[in-house]
């Protein structure tokens, strides 16, 4: 698990085939890598990868074909800047939101405009993610935890404050660029609970979920 708060920006040194899939060689920095061990999880532009080797500030991570199919990694070129975050610990402050590091879909940047000292982005999410997006809800873009200012038919608006712009790769994004998107994990679980609550297979009242649309509306999680 992660928080979506980027710790450092690294660079891709190499991406090469390895036994039918891929392996990445990533350069971070010595402070970020000081407590990293073999087998640790690192979110790389929002993709949870496992460290397979360490040499100074560099680490390698394997990328499965499943990950390749749902991400942009296959398109990355050496020298590309990438957001890096180590896995959440029980002693870590949850400053962003709970992030799994599993990319749900690829979105497209539609616009990027200056708003005082911040940047305003609009990003079009793929159709499959529209139902998980909500005004003032959370979204992860290239591994960065952000708040949705508004949402219309999958087009979300985001405000990126100066600190985030300066300490992530978001400053390099422009209209037409593709980005990794991960929706709020709470929305995923609520969908599953609602699906089971309405399922005809759950005929026994003891098996049927007590969470339904009226329950969510009563406690402010769903608007009619």
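The values are calculated or read from the model by the stated rules, or taken from the named source; none is laboratory data. Please read all numbers here as calculations on a predicted model, not as lab measurements. Positions of Cβ are backbone-derived with ideal geometry, glycine not excepted, and every protein chain shown enters the neighbour counts.
Within segment 152-194, which residues are within 22 Å of residue 3 (Cβ to Cβ) and out of contact with any strand residue (DSSP E or B) (no Cβ under 8 Å at 6 or more places or on another chain)? Result: 163, 166, 186, 187, 188, 189, 190.
A count restricted to segment 114-138 and to residues that are crowded, with 18+ Cβ neighbours inside 10 Å and within 15 Å of residue 170 (Cα to Cα) stands at 4.
Any chance you could count how many residues in segment 60-114 are assigned to a helix (DSSP H, G or I) and touching a strand residue (DSSP E or B) at 6+ places or on another chain (Cβ under 7 Å)?
Just the residues of segment 60-114 that are assigned to a helix (DSSP H, G or I), to begin with: 65-69, 73-75.
Next, from what is left, pick out any that are touching a strand residue (DSSP E or B) at 6+ places or on another chain (Cβ under 7 Å): 65, 67-68, 73.
Looking only at that region, the number is 4.
For segment 115-131, the set of residues classified as part of a loop (DSSP other than H, G, I, E, B) and in contact with a strand residue (DSSP E or B) (Cβ under 9 Å, 6 or more places away or on another chain) consists of 125, 126, listed by residue number. Looking at segment 188-201, is at least one residue at pLDDT 70 or above, under 27 Å from residue 75 (Cβ atoms) and part of a strand (DSSP E or B)? Scanning segment 188-201, I find no residue that is at pLDDT 70 or above, under 27 Å from residue 75 (Cβ atoms) and part of a strand (DSSP E or B), so the answer is no. Considering only segment 70-79, state which residues are surrounded by fewer than 18 Cβ atoms within 10 Å (Cβ to Cβ) and within 15 Å of residue 25 (Cβ to Cβ). Of everything in segment 70-79, those that are surrounded by fewer than 18 Cβ atoms within 10 Å (Cβ to Cβ) and within 15 Å of residue 25 (Cβ to Cβ) turn out to be 76, 77, 78, 79.
Only residues that are assigned to a strand (DSSP E or B), crowded, with 19+ Cβ neighbours inside 10 Å and touching a residue at least 60 places away in the same chain (Cβ under 8 Å) were counted across segment 139-178, and they come to 5. Looking only at residues in segment 1-27 that are in contact with a helix residue (DSSP H, G or I) (Cβ under 8 Å, 6 or more places away or on another chain) and outside any loop (DSSP other than H, G, I, E, B), the one that is surrounded by the most Cβ atoms within 10 Å (Cβ to Cβ) is 10.
Does any residue of segment 41-49 turn out to be more than 11 Å from residue 84 (Cα to Cα) and either out of contact with any strand residue (DSSP E or B) (no Cβ under 6 Å at 6 or more places or on another chain) or at pLDDT below 95 (or both)? No - not one qualifying residue is present in segment 41-49. Filtering segment 28-40 for residues that are outside any loop (DSSP other than H, G, I, E, B), assigned by TED's automatic domain parsing to the domain that holds residue 82, in contact with a strand residue (DSSP E or B) (Cβ under 7 Å, 6 or more places away or on another chain) and under 15 Å from residue 74 (Cβ atoms) leaves an empty set.
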